[in-house]
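**Q** Take a look at this one; I'll ask things after.
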Amino acid sequence: MAIKPIITAPDPRLRQVSNPVEGVDDALRALMDDMLETMYDAPGIGLAAIQIGEPLRIIVMDLAGEEEEPQPRYFVNPEILDPSDDTNIYEEGCLSVPDYFDEVERPAKCRVKFLGYDGKKQVLDAEGMLATCIQHEMDHLEGVLFIDHLSRLKRERVLKKLKKEQRLAAAE
Ligand code: GNR
Ligand code: NI
């Protein structure tokens, strides 16, 4: 397994629409292992493949608390069905938008259809933080970031700060 560098905004690769995978084989499982290791190292609770530069429709996630047993989840070719009309607001962050957190409103519940680590079809009913995280990761597969759900003013302020930080880091 390997920890991969995480791409940060405004890198244009994060705007790509990711491609469906043909099926789950050992090479894909190795990628999912690397994604999970990268996510735990960050640390984060979810990661989409494009965040490590692979434009594939793959998500890994673990919402277990620090004191709990790890609960890794893998979603290959996920599709969201039946998003609820009722919504939740959570404070979100993103490993690709470091050091910025803000509230995003999303459907409170949804159903997600996907292939698991073993390549078998699964359906999961999600609510709470799980539903929010799945939708945040699904956005990545479409090239969308959580800051796209905020006002233009906020989004541009965040992107400007990230650009400045990257400029300073590159000049070191
Ligand atoms: O680690 C993460 N925390 C988080 C908090 C609230 C809503 C979504 C997330 S996902 C984020 C990791 C990440 O950037 N995944 O794409
Ligand atoms: Ni993210």
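**Q** Could you tell me whether the stretch 1-152 comes out rounded, prolate or oblate from its Cα gyration tensor? Rule is a ≥ b ≥ c as square roots of the eigenvalues, rounded for a/c under 1.5, then prolate if a/b exceeds b/c, otherwise oblate. Before the final figure, lay out the partial values.
**A** Values: a/c = 1.34, a/b = 1.14, b/c = 1.18.
Because its axes are fairly even, with a/c under 1.5, the stretch 1-152 counts as rounded.
**Q** Suppose only helical runs count, i.e. DSSP H with n ≥ 4. What mean residue ellipticity at 222 nm does that imply for the chain under -39500 (n - 2.57) per run, divided by all residues and rounded to the nearest 500 deg cm²/dmol?
**A** Values: 3 runs with 50 residues, N = 172.
Mean residue ellipticity at 222 nm (helix-derived): -9500 deg cm²/dmol.
**Q** Which lysines have a Cα lying under 22 Å from the Cα of K154, excluding residues fewer than 8 positions away in the same chain?
**A** Cα-Cα hits under 22 Å: K163, K164.
**Q** Rounded to the nearest Å, what's the spacing between the alpha carbon centres of the stretch 77-102 and the stretch 1-67? Just the number, please.
**A** With the stretch 77-102 and the stretch 1-67 each reduced to a Cα centre, they are spaced 16 Å.
**Q** To continue, here is another question. How about the stretch 100-172: which chymotrypsin sites (Phe, Trp or Tyr not before Pro) there lie in a loop by DSSP and see at most 13 other Cβ atoms within 10 Å? Intermediate results must be reported in sequence, preceding the final value.
**A** Details: sites: Y100, F101, F114, Y117, F146; in loops: Y117.
Those that pass, being in a loop and sparsely packed, number zero.
**Q** What residues have an amide H closer than 5 Å to that of Y100, excluding those fewer than 5 places away on the same chain, when H is modeled at 1.01 Å from N in the peptide plane?
**A** C94
**Q** Order 38-46, 63-71, 80-88 from most to least packed using the mean count of other Cβ atoms within 10 Å. It would help to have the intermediate numbers written out before the result.
**A** Numbers: 38-46: 17.8, 63-71: 8.4, 80-88: 12.2.
Highest to lowest by the protection proxy: 38-46, 80-88, 63-71.
**Q** Then there is this: Can you put D102, D118 in order, fewest other beta carbons within 10 Å first? Please report the intermediate quantities before stating the final value.
**A** Values: D102 17, D118 10.
With the fewest neighbours first, D102, D118 line up as D118, D102.
**Q** In addition: Stretch K113-I7 to full length: gain in nm at 0.36 nm per residue minus the Cα-Cα span?
**A** On the way: separation 106, 0.36 × 106 = 38.16 nm, distance 2.68 nm.
Length gained, K113 through I7: 35.5 nm.
**Q** What is the sum of charges, Lys and Arg at +1 and Asp and Glu at -1, for the other residues whose Cβ falls under 13 Å from the Cβ of V60?
**A** Values: positive: K4, R29, R57, R73; negative: D33, D34, E37, D41, E54, D62, E137.
So the environment of V60 carries a net charge of -3.
**Q** Also: Give me the lysines in straight-line cross-link reach of K160: C-alpha distance below 27 Å, same-chain residues under 8 apart excluded.
**A** Candidates past the 8-residue exclusion: K4.
**Q** Right, something else. Taking the Cα centre of the chain as the origin and placing charges on Cβ (Lys, Arg +1; Asp, Glu -1), which of Q166, I80, L145 is farthest toward the positive end of the dipole?
**A** Q166
Read-outs throughout are calculated quantities, based only on the coordinates presented, and are distinct from any laboratory measurement. All of these numbers come straight from a predicted model, not from anything done at the bench. A quick note on method: Cβ atoms are made from the backbone with ideal geometry, for glycine too, and the neighbour counts reach across all protein chains shown.
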